[in-house]
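Following: one structure in structure tokens, then a few remarks.
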Amino acid sequence: MQTHFTPEQLADPHVAESEKILRKCVHCGFCTATCPTYVTLGNELDSPRGRIYLIKDMLEGGRPADREIVTHIDRCLSCLSCMTTCPSGVNYMHLVDHARAHIEETYRRPLPDRLIRAVLAAVLPYPARFRAALKLAKLGRPFAGLFERTSALKPLAAMLKLAPASVPRASSAASPGVHQGGGAKRGRVAILTGCAQPVLDPGINEAAISLLNRLGVEVVVPPGEGCCGALVHHMGRESEALDFARRNVDAWTRQIDEGGLDAIIITASGCGTTIKDYGYMLRLDPAYAEKAARVSALAKDVTEYLDTLDLPEPAAKPGLTIAYHSACSMQHGQKITRQPKALLTRAGFVVKEPREGHLCCGSAGTYNIMQPEISARLRDRKVKNITATGAELVATGNIGCITQIASAAKLPVVHTVELLDWAYGGERPRQLQ
């Protein structure tokens, strides 16, 4: 794609990087076939190619974002299916991230939108606040239908509908500490606690720690780590996202310097995609660039790490037929496709893959709150394909997908590591009890 940026514009390193990305696009349109919003809405401007044109026009013109651009960028799930499809290597992720930050800086959203986004940014990344908000949601749930009738309040209705009926107790697995492995020591890793997952389903990290410990791996929950920054990053709140990233880099660097780490284990693939990008996100910060790159290099999805270990024979082979849902952040963001299915098969599960596995379930961080109608259409399409497999349960590696699919599916939805922990001698997942 031909570009026309001025030397003055290219002096901005963010613009210079986006210009390089834009020049790789050859207008082929392959991305349109695998883009969930284009497949759903049929509008060229809701495809990666269409959004690239809009972003190019906005950045080249050096102008503020307008309502049209914001509408179509907001509809993007950042699922990154286009990056898997693109034959030219266009890094759409970094381009749309730049666009979102530009929108945040230059566009004044309507008041209801600003308020909802501010609430999400102030609550979701903080476990204690999120836990309190979920408890308060019980009081507001009866009004969800009323809120849904007003366009500006639909995100609020979506939040109330997604809130679980009950909130699990806080787990000790989320507290800083060291979980010693059994038998001969085979490794030392840190594990991300994060923000939403320990509130919604603390059993996921409990299962991961339990399994790794039985395999002889010491697991550290470092003091000072927290939200990876993905939630605010995808809202364009770049300063906040970088602050979260720096805090985590500091927490993990201390562990690297004190006792060494073989990996930083992540059990939520959406977080994994962001943490693996810390090196890029902090590349312009001289105090953090090198440390962030080292952290990104150590970041591993839990299945990615387990695949490197010499696993014993499973303690029990459940033999259940599962539909494996590959989260977008797993298959497109991190390019992890083989390991989860191979591990589940070896553990004694019969793995089936739903049709249209490349399409997003509609969760996408806060997307199912901010774009509830498109999200619901994608969710229902995903659930229909999962149901058609005839599976007994669903396995996936991202808390957002678990929440989204479980809101409509009649099958239990379980994290992959909980099933692996069970097969290798751990407790049966609560969803199957």
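The values are calculated or read from the model by the stated rules, or taken from the named source; none is laboratory data. In this text the structure is predicted, and so the values were computed from the model without any measurement. Note: ideal-geometry Cβ built from the backbone for every residue, glycine included; neighbour counts use all protein chains shown. Note: areas computed on protein heavy atoms with side chains; ligands, DNA, RNA excluded. Shrake-Rupley method; radii C 1.70, N 1.55, O 1.52, S 1.80 Å.
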The percentage of Cα-Cα pairs in segment 313-432 separated by more than 19 Å is 43 percent
With only helices counted (DSSP H, runs n ≥ 4, each -39500 (n - 2.57)), the per-residue ellipticity at 222 nm for the chain, to the nearest 500, works out to -14500 deg cm²/dmol
Here the Cα Rg-to-2.2 N^0.38 Å ratio for segment 206-264 is 1.34
Computed over segment 105-258, the convex hull of the Cα set has an average projected area, in nm², of 10.5 nm²
For Gly226, the net charge from surrounding residues (Cβ-Cβ under 15 Å; K, R +1; D, E -1) works out to +1
Straight-line reach check, Lys291, cutoff 16 Å on alpha carbons, 8 or more apart in-chain or any other chain, hits among aspartates and glutamates -> Glu225, Asp243, Asp250, Asp257, Glu258, Asp262, Asp277
In nm², the average projected area of the convex hull spanned by the Cα atoms of segment 1-142 is 10.5 nm²
Counting every C-alpha pair in segment 177-307, the percent lying more than 20 Å apart is 40 percent
Rg from C-alpha atoms of segment 241-283, normalised by the globular rule of thumb 2.2 N^0.38 Å, equals 1.16
In cubic angstrom per residue, the convex hull of the chain built on its Cα atoms measures 133 Å³
Of the accessible area of the chain, computed with a 1.4 Å probe and all protein chains kept, carbon and sulfur make up a percent value of 54 percent
Diffusion coefficient in µm²/s returned for segment 307-365 by Stokes-Einstein, Kirkwood Rh over C-alpha pairs, 25 °C and 0.890 mPa s, is 192 µm²/s
Partner lysines whose C-alpha sits under 30 Å from that of Lys382, ignoring same-chain residues fewer than 8 away, are Lys135, Lys138, Lys154, Lys161, Lys276, Lys300, Lys317, Lys335, Lys341, Lys352, Lys410
accessible surface per residue for the chain, probe 1.4 Å, DNA/RNA/ligands not counted, whole Å² -> 42 Å²
FRET efficiency (Asp243, Arg346; Cβ distance; R0 45 Å; to 0.05) is 0.65
Residue separation between Ala408 and His4 times 0.36 nm, minus their alpha-carbon distance, gives in nm 140.7 nm
Quick note, segment 359-419: a/c under 1.5 would make it rounded; otherwise a/b > b/c is prolate and the rest oblate (a ≥ b ≥ c, C-alpha gyration tensor); here it is oblate
Under the 7 Å Cα-to-Cβ spin-label approximation, Asp57 and Gln433 lie apart by a distance in nanometres of 5.6 nm
Per the Cα gyration tensor, segment 86-128 corresponds to an equivalent ellipsoid with semi-axes, largest first in Å, of 27, 16, 7
Using the Cα gyration tensor of segment 111-162, the equivalent ellipsoid's semi-axes, largest first and to the nearest Å, work out to 19, 15, 6
According to the Cβ-distance criterion of 4.7 Å, cysteines of the chain with no possible disulfide partner are Cys25, Cys28, Cys35, Cys76, Cys86, Cys361, Cys401
